[in-house]
2 protein chains.
Amino acid sequence: MGRVTTTRGNPGGPRPRRTAPARRHGGDAPAPVSQRREHLVRLAADLFAEKGFQATTVRNIAQEAGILSGSLYHHFDSKESIVDEILTGYLDEVMPAYRKVVAERGNPRATVEGLVRAAFASLAPHRAAVTVLQNDWSYLQGMDRFAYLADAEREAERMWVGAIKAGQAEGLFRTDIDPGLTYRMIRDTIRLAVRWAGPGGRLDTGALADHYVKVMFDGVNAH
Amino acid sequence: MGRVTTTRGNPGGPRPRRTAPARRHGGDAPAPVSQRREHLVRLAADLFAEKGFQATTVRNIAQEAGILSGSLYHHFDSKESIVDEILTGYLDEVMPAYRKVVAERGNPRATVEGLVRAAFASLAPHRAAVTVLQNDWSYLQGMDRFAYLADAEREAERMWVGAIKAGQAEGLFRTDIDPGLTYRMIRDTIRLAVRWAGPGGRLDTGALADHYVKVMFDGVNAH
DNA sequence: GTCTATATTCAGATAGAC
DNA sequence: GTCTATCTGAATATAGAC
């Protein structure tokens, strides 16, 4: 609607020259097809995990790889397609893990514990995805391309809340807590763990899961 | 350093004319000094609470107020000074509340419960600050101007962890959980509640605090 | 597969007229 | 106190040389 199409405008201009592209191999194997691409995704993921998707620029990613930003577009359509790959990789792991736990049809306590452990287990290999889901959720929500995120979230909620309600029905869990509220508390706490289980890797997620299961089931009170 | 000073460049160009600045008074009192300013801060806060600080533009804020972005700079130095005001307002409320709870020197269980309730109570009036602290923490950390955030966080951690450790020493809390880890779990879960206690205001924070205290102390298991 | 060069758009911010 | 007009810088992305 009434777009102004001035043919002017050139911010940027001559950019500072870098010294050299810092090659990191001197005649390696030809690389199957997209080993280079996967490497770039991993570099991007590290940056996304540090500061989120929106806060990371394609120049950041390119610099990390020792190339210029324009060169990234030989490998990727767009910045969005990079994060798409990262998010899809996460969901392709965690959702089947959830479904497997539910399909085992153990008692609800075992199911909830299994879900907690599955969630924690997926944190370490997918820090970037989890960080992006926290930081940039509302941004991604606005895009048709990422509608699958909300779908997955709905399915996950059904599984968790179902297990909690079943546990209440069987008298395993107290009935004076709200299942939906409890699910969100649990989910959020696990996701946030990615921040301090962070790059330093000070805490392994197995130990975190143990800690969390203890507190969640029995509370902080001494018996 | 070799800046290109083309005299060109005019993104924006002729902007669509708005109909009128939507005045909301027709001869009110002269307004003490900065009633207008406070109003603008509140508008900005709503936007920050929705999508964070970095994701909100000064043009967003101005549009919400029915003025142009340049006009905002009559009231504020910069976008940062707006968020500074918001964050300061939050800390000026929550930190004294924490200190008061600790100063009462009740038993550690009462102290922890008091801290939880103080934290929840501060959510509703300061949604923007809490959202910004979550979304833009790493961005703000990099700036000297916001060093006071880390200071406050350190003081808060000392109070919480102190209460948890005291409770363990008195045999009130189980000793097989890590105080620092437990504090972060609690803190993060409370902060995240701001998202779904959100704009709809579906859940009042008093009820949330009740729910949370129950689960935290006694766990989800039935007795 | 990378670089050069640049288009395009949008961000925060400013000067001065009204 | 707001608007007009614009600057400056930075972001995503593209075209074509090498």
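The values are calculated or read from the model by the stated rules, or taken from the named source; none is laboratory data. This is a predicted model, so every value here is computed, not measured. Backbone-built Cβ (ideal geometry, glycine too); neighbour counts: all protein chains shown. Each accessible area value is taken on the protein alone, full model and side chains, heavy atoms only, with ligands, DNA and RNA left out. Shrake-Rupley method; radii C 1.70, N 1.55, O 1.52, S 1.80 Å.
Looking at this structure, is residue A:202 surrounded by 17 or more Cβ atoms within 10 Å (Cβ to Cβ) and either modelled with pLDDT of 95 or more or not hydrophobic (A, V, I, L, M, F, W, C) (or both)? In short, no.
Would it be correct to say that residue B:127 is basic (Lys, Arg) and either in contact with a Pro (Cβ under 7 Å, 6 or more places away or on another chain) or open to solvent by 70 Å² or more (accessible area, probe 1.4 Å) (or both)? Spelling it out, it is not the case that residue B:127 is basic (Lys, Arg) and either in contact with a Pro (Cβ under 7 Å, 6 or more places away or on another chain) or open to solvent by 70 Å² or more (accessible area, probe 1.4 Å) (or both).
One residue alone among B:144, B:92, B:136 is of a type in the set (Asp, Glu) and open to solvent by less than 50 Å² (accessible area, probe 1.4 Å), and that residue is B:136. Screening residue B:78 against (1) within 8 Å of DNA strand C (Cβ to nearest atom); (2) more than 19 Å from the chain's Cα centre (by Cα); (3) not hydrophobic (A, V, I, L, M, F, W, C) leaves a single unmet condition, (2).
Being within 19 Å of residue B:110 (Cβ to Cβ), assigned to a helix (DSSP H, G or I), open to solvent by less than 20 Å² (accessible area, probe 1.4 Å) and at pLDDT 95 or above: is that true of residue B:166 here? Judged against the criteria, residue B:166 is not a match. Here residue B:62 fits the description: open to solvent by less than 30 Å² (accessible area, probe 1.4 Å) and farther than 30 Å from residue B:217 by Cα.
Residues in the stretch A:186-199 that are open to solvent by 20 Å² or more (accessible area, probe 1.4 Å), facing chain B (nearest Cβ under 10 Å) and out of contact with any Leu (no Cβ under 8 Å at 6 or more places or on another chain) were compared, and the one that is modelled with the highest pLDDT is A:187. Checking each residue in the stretch A:90-118 for being in a helix (DSSP H, G or I) and within 14 Å of another protein chain (Cβ to nearest Cβ) picks out A:108, A:109, A:110, A:111, A:112, A:113, A:115, A:116.
Of all the criteria given as (1) within 11 Å of another protein chain (Cβ to nearest Cβ); (2) at pLDDT 90 or above, the one not satisfied by residue B:159 is (1).
Looking only at residues of the stretch A:30-59 that are more than 11 Å from DNA strand D (Cβ to nearest atom) and β-branched (Val, Ile, Thr), we find that the one that is least open to solvent (accessible area, probe 1.4 Å) is A:41.
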